[in-house]
Structure formats: structure tokens, C-alpha cells
1. Direction-averaged shadow area of the convex hull around the Cα atoms of region 5-139, nm²?
2. What does the charge dipole of the chain about its Cα centre add up to, to the nearest 20 debye, if the Cβ of each Lys and Arg holds +1 and the Cβ of each Asp and Glu holds -1?
3. Which aspartates and glutamates have a Cα less than 20 Å from the Cα of Lys28, not counting those fewer than 8 places away in the same chain?
4. Which residue fluctuates the most in the chain, going by a Gaussian network model with Cα springs under 10 Å, if the choices are Lys127, Lys42, Lys27?
5. Which of Ser24, Ser98, Ser119 moves the most in a Gaussian network model of the chain with Cα springs under 10 Å?
6. With springs only between Cα atoms under 10 Å apart, run a GNM on the chain and tell me which of Ala19, Ala97, Ala76 wobbles the most.
7. List the DSSP H helices in the chain whose Cα atoms stretch 20 Å or more along the helix axis and whose mean Kyte-Doolittle hydropathy is at least 1.0.
8. Under the Karplus relation 6.51 cos²θ - 1.76 cosθ + 1.60, θ = phi - 60°, what is the ordered set of whole-Hz ³J(HN,Hα) values for region 75-84, x standing for Gly and Pro?
Amino acid sequence: MSEKIQLFYKVDREDFAKAGEASSNTKKVLKQLGINPETLRKVAIVTYEAEMNIVIHSFGGEIEVNIYPTRIDIIARDRGPGIDDVERVMEEGYSTASDRIREMGFGAGMGIPNMKRYSDEFRISSKMDGETEVYMTVYIQ
């Protein structure tokens, strides 16, 4: 692979039926490209967590995956309420998910901590009542 391969997924608010498609489709493409299992696992985890955060916490958004010869960049963008305390959402177990979402088995407060843990580079920018962008890089081993 000498050039960038780009994948793009639209993610709708509370669309639990399609939740996980971006992650599984990305994993399938990476597997076809011969990417090693450890890198596949990390990309699948961060993409799934980002996708679920968009489904659960936003008004909708998208996930962009850029595959380069040495790294994979995952950018999750959403429109929503924003994150008022970025440091706090990085704490394991902290969640702003509603009771209804928790009753469905989601919202355990591990999404952003897992994104950070399994990314080689990680950053969040968020505007209240605006766009949140999570940028993650996983280096190909």
C-alpha cells in the first residue's frame, strides 16, 4: 500500500441496529490488507467505542478512517451537547449516559478510556452545543 485508503461511515443517533458496522467493516478491510492481528484488535476497539459514543451521546456524526502504510488514523466527529469536562470523561466508570441507555447494557463509562488506552495517539476537542472530534492513531506493527 503506497497511498492512503479512506473509509467513511455515517453514524446516526440511537441507531443501535447498525451500531458496530463501522468497526466491523474497517476490521474486514484491514484484514484483507494483511494488517497484523494486534493492530486489527486495537483499531476495532477504538472504532467501536467511538461509534457507540456517537450513537449514545450525540445527534449523529461520522467516522473517518485513513489507512497509511505505517499508521491508521480514526477520526470520530459528532454534533451534540459537547463534553464539558474532557478530563472527567477519561476517568474509567464516569458516564453521562441516561438510565434508559444503561438499562440497554451501554454507558458503563469505558468508551473514552478504552479509546485512549488502545490508541498510540489520542486527543479530543469539543465545543459545548457543537461538534466533538476524537482523533486516534494506531501505528501498524
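1. Values: hull surface 29.6 nm².
Quarter of the Cα hull surface area: 7.4 nm².
2. 500
3. Within the straight-line cut-off, Lys28 pairs with Glu3, Glu38, Glu49, Glu51, Glu62, Glu64, Asp73.
4. Result: Lys127 has the largest fluctuation of those listed.
5. Largest GNM mean-square fluctuation: Ser98.
6. Top of the fluctuation ranking is Ala97.
7. Span-like helices here: none at all.
8. 10, 10, 10, 9, 10, x, x, x, 10, 7
Read-outs: derived from the displayed coordinates by stated rules, not from any lab. Note that this is a predicted model, so its numbers are computed, not measured. Cβ sites come from the backbone with ideal geometry, for glycine too, and all protein chains shown count toward neighbours.
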